[in-house]
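The structure appears below as structure tokens.
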Amino acid sequence: MQKNTKEMITKEISSNDVHLFMKGTPLFPQCGFSSTVVQILTYLEAPFTSTNVLEDENVREGIKEFSNWPTIPQLYVKGELMGGCDIIKEMFESGELQKILKEKSIISK
Amino acid sequence: MSMTKDELLETLSNGLPGSEIQIEDLAGDGDHYAATIKSKKFIGLNKIQQHKLVYDALGEKMGYTLHALSIKTEILED
């Protein structure tokens, strides 16, 4: 992985409480899995930032290596990998995601 | 860029011996599957760690041979 790619990823996840590496943008997701995570975060009214990995091949491959996680989307909360689409969906359905976001003061209700 | 349901089952079974695996073919195109894996190896691990074991079992296939795999992990009870 290129040094500047690693620096960019580190900066994004450390300066944003909730950051999503996704295919496309929150308004125009280009993959069903990415879209699902966006929908969950939007529903929970959790503010988040995102990186469109399709815009940069270095980031697309770099994030997989960085996280040791082979798929996209990847959701980071307070600098920690929370999961991909399946985990986030499961955590949302069980209420665990809401609990964690509340504990970390990201959402209030 | 695809694999059959049997190939997927065999890959997962080899990588996670002793687990109960169910695979659903989501689109019939050899590229979109949902797998439910019950294993004792998941005990004491969080979801990220559990899914990483599944990805380890798939090795290089994930993201290359196989595009979309939805994973659900559960702990196998005695």
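Derivation of every value follows stated rules applied to the coordinates shown; laboratory data play no part. The model shown is predicted, which means the values in this text are computed figures rather than measured ones. Backbone-built Cβ (ideal geometry, glycine too); neighbour counts: all protein chains shown.
Tabulated results
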quantity	calculated
The protein assembly as shown - mean residue ellipticity at 222 nm from DSSP helices (-39,500 (n - 2.57) per run, n ≥ 4, rounded to 500)	-12500 deg cm²/dmol
Tilt relative to chain B, helix B:5-15 - C-alpha long axis, 0 to 90 degrees, to 10	30 degrees
Tilt relative to chain B, helix B:47-58 - C-alpha long axis, 0 to 90 degrees, to 10	50 degrees
Between the range B:1-49 and the range A:31-109, the Cα center-to-center distance that results, in Å	22 Å
Share, in percent, of DSSP beta bridges within chain A that are antiparallel, nearest 5	65 percent
Built amide H within the under 5 Å cut-off of A:M82, gap 5+	A:L75, A:Y76, A:V77
Largest-first principal axis extents of the Cα set of the protein assembly as shown (Å)	42, 36, 29
0 to 90° range, to nearest 10: angle between helix A:57-67 axis and chain A longest Cα axis	60 degrees
Cα point-scatterer Debye curve for the range B:5-75, base-10 log of I(q)/I(0) at q = 0.27 Å⁻¹	-1.37
Computed Rg/Rh of the range A:1-50, alpha carbon atoms with Kirkwood Rh	1.03
In chain A, lysine pairs with alpha-carbon atoms under 15 angstrom apart (chain gap of 8 or more, or interchain)	10
DSSP bridge pairs, the protein assembly as shown: antiparallel proportion in percent, nearest 5	50 percent
Order of A:T42, A:T71, B:T65 - criterion: other Cβ atoms within 10 Å of each residue's Cβ, fewest first	A:T42, B:T65, A:T71
Residue among B:Y33, B:I23, B:L53 farthest towards the positive dipole end of the range B:5-75, charges placed on Cβ	B:L53
Dipole moment magnitude, nearest 20 debye, the protein assembly as shown about Cα centre, only Lys, Arg, Asp, Glu C-beta charged	660 debye
As computed over the range A:3-103, the Cα convex hull volume per residue (Å³)	87 Å³
Most mobile of B:K47, B:K38, B:K61 in a GNM of chain B (Cα contacts under 10 Å)	B:K47
